[in-house]
Ligand code: COA
């Protein structure tokens, strides 16, 4: 029997606090006009002091589970894709497992920068298709506001906090997560990184003085790389699925910069309307950006069962990738099927045979 991995629930969580471009212009030398024209971003969400990547992830996951009608104890695996885990270890996924009460789930974090959600979705879907697990929670969650240098106008205007989650379930009907392409080129590692907090440059007074605990980026080079791979990864995944670009109904791109998405639309010869967009309201939420934009599109009815969509992302590493899905949506409410009369008779028969064997065993002693 061929197994498929369907997306049967989706959820989201964003902090309440909104930081507008005008708010930023009061902190650094920038303007609403510059940010909007260079990036398309108008505002972003910022986590409150008591909010962490794990709490945003848990809220998004709980909503996705409710939609799928799946109890947390029936989850086999939780993957949290994140660049801003609560701790280097333990895994944020383990904190989410505990908060949800997913008592039978394995849990781990996945670090593939902004492409993390595409990687996590691919791994979970492939495990389901191979028969190793039945139900998975795939989460992208970030509190990037905690690693952004609020004195650096080149980067602080770009990022925001949030989380998105999918429930994946095994099914016999074709559809769901079809195939992916995953790529990396570590020769570009220095273009986008958080220099300290790891083991190469442990936290030290000198590192803090040099502000190495904050994200650093060569924006121009990342821009060039992003426009190239959005096009190539989308084309590759569509070809791998045996489809053509005309078969694709929508594209969910990583929400980094509207100009990068416009360049991808041009290269793919598709209207911008085919691309799901919400970066104007959330900025770049890294691993959360794709599940967040799909969440909104699905809730608005913009994406429909049966449609083909491509999720395409790029980020630090350099790492990039794309996943092709056939959207299905939540299953109809599941009731235990009524047992056919002949199966009930067979069940009673087998029960009576078992009792007879036990009685005969007792009498024979
Ligand atoms: N406000 C005002 N001016 C700013 C600014 C800001 N927030 N940020 C940068 N500038 C200035 C620069 O200092 C530079 O000034 P200079 O020429 O005097 O040195 C000028 O604007 C132009 O900088 P440039 O880098 O050419 O701008 P750009 O058009 O490439 O846009 C980015 C900058 C960062 C928006 C763009 O390069 C980008 O989006 N790159 C990809 C980033 C990304 O997606 N990262 C995440 C990957 S997951």
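Say we join alpha carbon atoms closer than 10 Å with springs in a Gaussian network model of the chain; which of 309, 188, 317 then has the biggest fluctuation? Among 309, 188, 317, the largest mean-square fluctuation in the Gaussian network model of the chain belongs to 188. Taking the centroid of alpha carbons for each part, the range 251-318 and the range 115-159 are 14 Å apart.
Residue exposure proxy: 6, 254, ordered by other Cβ atoms within 10 angstrom of their Cβ from fewest to most, comes out as 6, 254. Between the Cα long axis of helix 219-240 and the first principal axis of the chain there is an angle of about 30°, rounded to the nearest 10. Could you tell me how many degrees, from 0 to 90 and to the nearest 10, lie between the Cα long axis of helix 289-299 and the main elongation axis, the longest principal axis, of the Cα atoms of the chain? The angle comes out near 60 degrees. A crude spin-label estimate for the pair residue 211 and residue 146, with each label 7 Å from Cα along the Cβ direction, gives 2.1 nm. With neighbours defined as other Cβ atoms within 10 Å of a residue's Cβ, the residues 150, 327 order from fewest to most as 150, 327.
Across the range 97-127, the residues whose backbone nitrogen lies under 15 Å from the label position 7 Å along the beta-carbon direction of residue 240 are 115-127. Between residue 66 and residue 48, the contour length at 0.36 nm per residue exceeds the Cα-Cα span by 4.0 nm. To test your reading of the geometry: what angle, between 0 and 90 degrees and rounded to tens, separates the Cα axis of helix 116-130 from the longest principal axis of the chain? Once rounded, the angle reads 20 degrees.
With 10 angstrom as the radius, rank 67, 230 by how many other C-beta atoms surround their C-beta, starting from the fewest. Can you show the working numbers first?
Working: 67 20, 230 28.
Sorted ascending by nearby Cβ count, the order is 67, 230.
Computed extension length for residue 154-residue 247: 29.7 nm, one decimal, from 0.36 nm per residue of separation with the Cα-Cα distance subtracted.
One equal scatterer on each Cα of the range 4-326, no solvent, Debye formula: the resulting log10 I(q)/I(0) at q = 0.07, 0.10, 0.14 Å⁻¹ is -0.25, -0.52, -1.06.
Readers should treat all values here as calculations from the given coordinates under stated rules, not as data from a laboratory. Quick caveat, the model's predicted, so the values are computed rather than measured. Cβ coordinates were reconstructed from backbone atoms using ideal geometry, including for glycine residues, and neighbour counts include every protein chain displayed.
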